[in-house]
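Notes follow once the structure below has been shown.
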Amino acid sequence: MKHLKMIGLLVVAAASLMAFAGSASAAPVLTSPAGTEYTGTIEATIKPGTTLALSAGISDTCTVGSVSGTVTTNTTTHATGAISALSFGTAATPCTKTTHVLKNGNLTVGDKGEVIASNNEVTVFDLGVSCVYGGSTGTNIGTLTGGTPATMDINTTELPKISGGFLCASKGTWTGTYTVTKPSTLLVT
């Protein structure tokens, strides 16, 4: 009987240690600096020397563009927040086609760095044709890789068409790389 009590105490102690270790190792998805939960502004621009390409019946490339927003939720499974500004091209450096953001939407980063866009809309216009694409209810658009600086690689062929005529493809393609400029170090745990 004494041995059973001892084994019972050992099992309880082991379970307590495992629970503590599990909770101690649980970390939010985004940290800056390392080990510190990040809930603040994230700003990113198209990586210098690269292009951002949108293709959906109309092909468009941009060498200038940016995205910024604030992380409002950062748990062990995802970090999310509203996009406050999203741009493609500028007056001085326009894209190859007329490109406008209709809705900024939201971005979510999953615990493996996957980037999900939702509720955003971008229109590309050329020769009287306007094609509108966006994240809809949630589209995996790429991967955030932590570092100093972090990078966001956009690579999707599944951007849903929201509106546009028969010249607009049913799914859009979006590729390119953004460099995170704020914070200077952003890590994905």
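The values are calculated or read from the model by the stated rules, or taken from the named source; none is laboratory data. Only a predicted model underlies this, so the values are computations on that prediction, with no experimental measurement involved. Please note: Cβ atoms are built from the backbone with ideal geometry, for glycine as well, and neighbour counts cover all protein chains shown.
Here are the numbers:
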| item | result |
| --- | --- |
| Filter result (at positive phi and at pLDDT below 95) within the stretch 80-106 | 89 |
| Checklist (1) modelled with pLDDT under 90; (2) outside any helix (DSSP H, G or I) applied to residue 60, failing item | (1) |
| First in the stretch 116-136 and under 17 Å from residue 166 (Cα atoms), second anywhere and among the small types (Gly, Ala, Ser) and assigned to a strand (DSSP E or B), Cβ under 7 Å, 6 or more apart | 123/130; 132/163; 133/172 |
| Tally, over the stretch 83-94, of residues that are of a type in the set (Gly, Ala, Ser), part of a strand (DSSP E or B) and surrounded by 14 or more Cβ atoms within 10 Å (Cβ to Cβ) | 1 |
| Matching residues, the stretch 55-69, being closer than 21 Å to residue 108 by Cβ and in contact with a Phe, Trp or Tyr (Cβ under 7 Å, 6 or more places away or on another chain) | 65, 67 |
| Some residue of the stretch 68-80 being in contact with a Cys (Cβ under 8 Å, 6 or more places away or on another chain) and within 21 Å of residue 174 (Cα to Cα) | no |
| Any chance residue 40 is surrounded by 14 or more Cβ atoms within 10 Å (Cβ to Cβ) and out of contact with any Gly (no Cβ under 7 Å at 6 or more places or on another chain) | yes |
| Matching residues, the stretch 171-188, being surrounded by 18 or more Cβ atoms within 10 Å (Cβ to Cβ) and outside any strand (DSSP E or B) | 183 |
